[in-house]
Amino acid sequence: MRRQHCHIASPASEGVILKLKEWVALDGRLLIVDLFEPERHLLNPAGLRDGLLNVIAMGVSGGLRLIHNGRLKPPKEVRAAWAEHGKTGSYPTMPEVRALCAEILPGAQVRQHLLWRYSIVWRKVMQ
């Protein structure tokens, strides 16, 4: 079985996903892991769930940073890089990810994970 791996900085755009979809061999799989924008409105169920998950994720993130780096706060250079990235970077919401997958990756499994990540797994089958 031949496996190919590719890293794309922000794969969650229709054009990028369509191109990746073309490159997948018959019976091959496309796996995308990316960041999502949590729901910010705490007065609806999705917002309440995402708010709770944000609190948990912040604790997990800080704990992992402490375990791996021996500190809670990232280095100054890392904080500066994220701040710069945040000026132009944007992330899809989970409803946007699910809608895009329903449209161009039929049958894809979309899962939301801790630490503001989601995954898409799609298998190319003969049409």
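How far, in degrees from 0 to 90, does helix 45-69 lean away from the longest principal axis of the Cα atoms of the chain, to the nearest 10?
Roughly 70 degrees, rounded to the nearest 10.
Residue separation times 0.36 nm, minus the C-alpha to C-alpha distance between residue 65 and residue 96: what's the value? Write down the numbers at each step before the final one.
On the way: separation 31, 0.36 × 31 = 11.16 nm, distance 2.97 nm.
Net length gain for the segment: 8.2 nm.
Pairs of Cα atoms under 8 Å, at least six residues apart: use those to get the relative contact order of segment 1-123, whole percent.
Values: 117 pairs, mean separation 43.2, N = 123.
In percent, rounded to a whole number, it is 35.
Under the rule that an exposed site lies in a DSSP loop and has at most 13 other Cβ atoms within 10 Å, name the longest stretch of the chain with no trypsin sites (Lys or Arg not before Pro) of that kind, not counting the sites themselves. Before the final figure, lay out each step's value.
Numbers: sites that count: 2, 3, 40, 71.
With trypsin sites (Lys or Arg not before Pro) excluded where exposed in loops, the chain gives 72-127 as its longest stretch.
With r as the distance between the Cβ atoms of residue 103 and residue 79 and R0 = 35 Å, compute the FRET efficiency 1/(1 + (r/R0)^6) and round to 0.05.
Values: r = 37 Å, r/R0 = 1.05.
E between residue 79 and residue 103, to the nearest 0.05, is 0.45.
Express in nm, to one decimal, how much length is gained between residue 117 and residue 40 on full extension, taking 0.36 nm for each residue of separation and deducting their alpha carbon distance.
Numbers: separation 77, 0.36 × 77 = 27.72 nm, distance 1.57 nm.
Here the answer is 26.2 nm.
If I compute mean projected area of the Cα convex hull in nm² from the structure I just sent, which labelled value in (1) 15.2; (2) 9.9; (3) 10.3 lines up?
Among (1) 15.2; (2) 9.9; (3) 10.3, the one derived from this structure is (2).
Using each residue's phi in segment 110-127, evaluate 6.51 cos²θ - 1.76 cosθ + 1.60 at θ = phi - 60° and report the 3J(HN,Hα) Karplus result to the nearest Hz, with x for Gly and Pro.
10, 10, 9, 10, 5, 6, 6, 10, 9, 10, 10, 10, 10, 10, 7, 10, 5, 7
FYI, it's all coordinate maths here, none of it is from the lab. Because the structure is predicted, anything quoted here is derived from the model rather than measured. Neighbour counts are summed over all protein chains in view; Cβ atoms, including those assigned to glycine, are modelled from backbone coordinates with ideal geometry.
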